[in-house]
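Novice: The structure follows.
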Amino acid sequence: AATSCDSLASMALPHTTITLASVVEAGAFTPPGSAGANPSGPAGQVFRGLPAFCRVAATIQPSSDSDIKVEVWLPVAGWNGKFQAVGNGGWAGTISYPAMATALAAGYASASTDTGHTGNNPNFITGHPEKVNDFGYRAVHEMTVAAKALINAYYGNAPKFSYWNGCSTGGRQGYLLGQ
């Protein structure tokens, strides 16, 4: 690695606060809020099978009413040189940990965002036009810019290829980024 995982915590990115940068040992990841989840179920097995990775969490605030949560996962070893961002479903409102796990297990650096709100519902809309912009297009763009900067810093080079993986809301997100 060009820089250590821990040192990413002090990386300066526009309107971004990095809240976590630490190595997660192989098989040790547990998604936040998963207390009571079945660790022997399919999701638990996916997480237990993950290789070691550098987990970076950040909050991005491009507007005074923005609160975009982002995670970027960087394989400690075996990076395939590629970046795969993952989309959301429905109204989003959560980091897509299972999709990130699938990308990471295949050797990709990966990223996901909650699109600037919590909960898979439209309750964030009323009185919050900036949060609507975050959900509509800005969160995914900001996530991607930050993720590529973190990838470049961690590995010492940019990804050879970047991919978008999403359907439903993730499909809409992908089309908007393409525009």
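Novice: With respect to Ala111, is the statement that it is hydrophobic (A, V, I, L, M, F, W, C), in contact (Cβ under 8 Å) with a residue 24 or more places away in the chain, under 25 Å from Ser22 (Cα atoms) and in a strand (DSSP E or B) true?
Specialist: Criteria met by Ala111.
Novice: Then there's this: Looking at region 47-74, I want the residues that are small (Gly, Ala, Ser) and have a partner that is crowded, with 24+ Cβ neighbours inside 10 Å and assigned to a loop (DSSP other than H, G, I, E, B) with Cβ atoms under 8 Å, at least 6 apart or on another chain. Which pairs are those?
Specialist: Listed by first residue and then by second, the contacts come to Ser66/Gly116.
Novice: Here's something else I'd like to know. When only residues in region 61-77 that are part of a strand (DSSP E or B) and open to solvent by less than 60 Å² (accessible area, probe 1.4 Å) count, which is nearest to Pro129 (Cα to Cα)?
Specialist: Here the residue is Ile68.
Novice: Another question, if that's okay. Considering only region 125-159, state which residues are in a loop (DSSP other than H, G, I, E, B), in contact (Cβ under 8 Å) with a residue 12 or more places away in the chain and not polar (S, T, N, Q).
Specialist: Passing the criteria: His128, Gly156, Pro159.
Novice: To continue, here is another question. Which one of these is open to solvent by less than 40 Å² (accessible area, probe 1.4 Å), modelled with pLDDT of 95 or more, assigned to a loop (DSSP other than H, G, I, E, B) and not basic (Lys, Arg): Leu13, Leu8?
Specialist: Leu13
The values are calculated or read from the model by the stated rules, or taken from the named source; none is laboratory data. These figures come from a predicted structure and were not determined experimentally. Note that we place each Cβ from the backbone using ideal geometry, even for glycine, and neighbour counts take in every protein chain shown. What goes into the accessible areas is simple: the full protein's heavy atoms, side chains included, and nothing from ligands, DNA or RNA. Shrake-Rupley method; radii C 1.70, N 1.55, O 1.52, S 1.80 Å.
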